[in-house]
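For reference, the structure is listed below as structure tokens.
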Amino acid sequence: MKKIGLIGGMSWESTQIYYKVLNQKVKELLGKFHSAKIVIDSVDFSVIHKLQGENDWDALDKEMIEAATNLKNAKAEMVLICANTMHLCSDAVKQNVDLPLIHIAEATGEKIKEAGLKKVLLLGTKFTMERDFYKNILTNDFGIEVLVPNEDDREIVHNIIYEELVQGEINAGSRGQYIQIIYEAIKNGAEGVILGCTEIPLLIQPSDVSIPTFNTTQIHAEKAVEFALSTSLVN
């Protein structure tokens, strides 16, 4: 079993879910007393949030490279960036740290393709919804058309993430706003919705909407377990 390296803390609310899913999946596959081999480098999200607000992605690249280097020094055999938005730094990590990086958009694209869907709504931070790093992978590698909310709705989605979800606050009114945004996308042909921020599954459950949801936290963690066990299963 390979050791899984997590860059966490973005936010810790979702990082703890990664830890839980990784161990549950290993237990499911291997049984008995098995659990995942994991090492976590957890950053101070206040620093990350400040640099995002300043649009200082060079500094954010350095933060992610340092964290991935720490994981390598701790004998991790792969790296996961436990946040959709921070995959803006994934190329910098791959170029500077000699570890396989399990990309959240690639793992998500595989699941959407398996489901046979061609058009999906992407929800996440404004960085994720408005920049091309995520959409390009889904479109170019998997042939998936990606919809995003209108500008006002993107603001709503973004603010709920940063003002509520990363603080561990779950509000029914915010859930209703997200559901309304999803149903507007359904009118425009969305066949599924990507919960493209690792905190959104704290708010939106599959039963809340009438189309398939893609929980990127769950998908990413399960892909990591697949890679961790890819050489051989432990008895």
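Can you go through Phe33, Phe45 and tell me which one is free of Cβ contacts under 8 Å to residues at least 60 places away in the same chain and among the aromatic types (Phe, Trp, Tyr)? Let's see the steps before the verdict.
Numbers: Phe45 fails: free of Cβ contacts under 8 Å to residues at least 60 places away in the same chain.
After applying the criteria, what remains is Phe33.
Within region 2-44, work out how many residues are over 19 Å from Ile104 (Cα atoms) and at pLDDT below 95.
Looking only at that region, the number is 2.
Cβ-Cβ under 7 Å, sequence separation 6+ or interchain: first residue in region 67-93 and touching a residue at least 12 places away in the same chain (Cβ under 8 Å), partner polar (S, T, N, Q) and outside any helix (DSSP H, G or I). Which pairs?
Between residues of region 67-93 that are touching a residue at least 12 places away in the same chain (Cβ under 8 Å) and residues that are polar (S, T, N, Q) and outside any helix (DSSP H, G or I), the close pairs are Cys82/Thr198; Ala83/Thr198; Asn84/Thr198; Thr85/Thr125.
Quick one: Gly116 ticks every box in (1) assigned to a loop (DSSP other than H, G, I, E, B); (2) touching a residue at least 12 places away in the same chain (Cβ under 8 Å) except a single one, so which number is it?
(2)
The values are calculated or read from the model by the stated rules, or taken from the named source; none is laboratory data. The model shown is predicted, which means the values in this text are computed figures rather than measured ones. Cβ: placed from backbone, ideal geometry, glycine included. Neighbour counts: every protein chain shown.
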